[in-house]
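The block underneath contains the structure these notes are about, expressed in structure tokens.
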Amino acid sequence: MKLRVMVMRVRADHPLLVKDPMLPHRAAKMAYDEVRKRHIPYDFEMDFKEPSKQFCSEVASHVYDSLG
């Protein structure tokens with residue numbers, strides 16, 4: 001099983017981060033939990049509307065979108 005890690009940093013002055021400093025932690029945990037549950041195929045079509053397959057930036061945008 002291959003498990004890759006991606007580290008991203010949200011701007012410290014972002015209003016949602018000011019409101020909830022744990023937001024990046026919750027987003028990272030959500031992405032990690034998802035990849036531990038199932039294999040997520042790479043989305044070569046890069047279609048944001050198809051969540052069963054994901055490409056690199058979609059991994060981050062999907063969890064942040066889920067968290068509002």
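Coordinate-derived values only; no laboratory data. Every value quoted in this text rests on a predicted model; they were computed, and no experiment measured them. Using ideal geometry, Cβ is built from the backbone for each residue, glycine included, and neighbour counts are taken over all protein chains shown.
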- Query: Got a number for residues in region 29-52 being under 17 Å from residue 65 (Cα atoms) and within 14 Å of the chain's Cα centre (by Cα)?
  - Reply: 10
- From 7, 35, 59, which residue is out of contact with any strand residue (DSSP E or B) (no Cβ under 8 Å at 6 or more places or on another chain), surrounded by 13 or more Cβ atoms within 10 Å (Cβ to Cβ) and free of Cβ contacts under 8 Å to residues at least 40 places away in the same chain? 35
- Item | Counted residues, region 14-68 - those being farther than 16 Å from residue 4 by Cα, part of a helix (DSSP H, G or I) and among the charged types (D, E, K, R) | 3
- Answer yes if at least one residue in region 15-28 is within 16 Å of residue 66 (Cα to Cα), surrounded by 13 or more Cβ atoms within 10 Å (Cβ to Cβ) and in contact with an Asp or Glu (Cβ under 7 Å, 6 or more places away or on another chain), and no otherwise. no
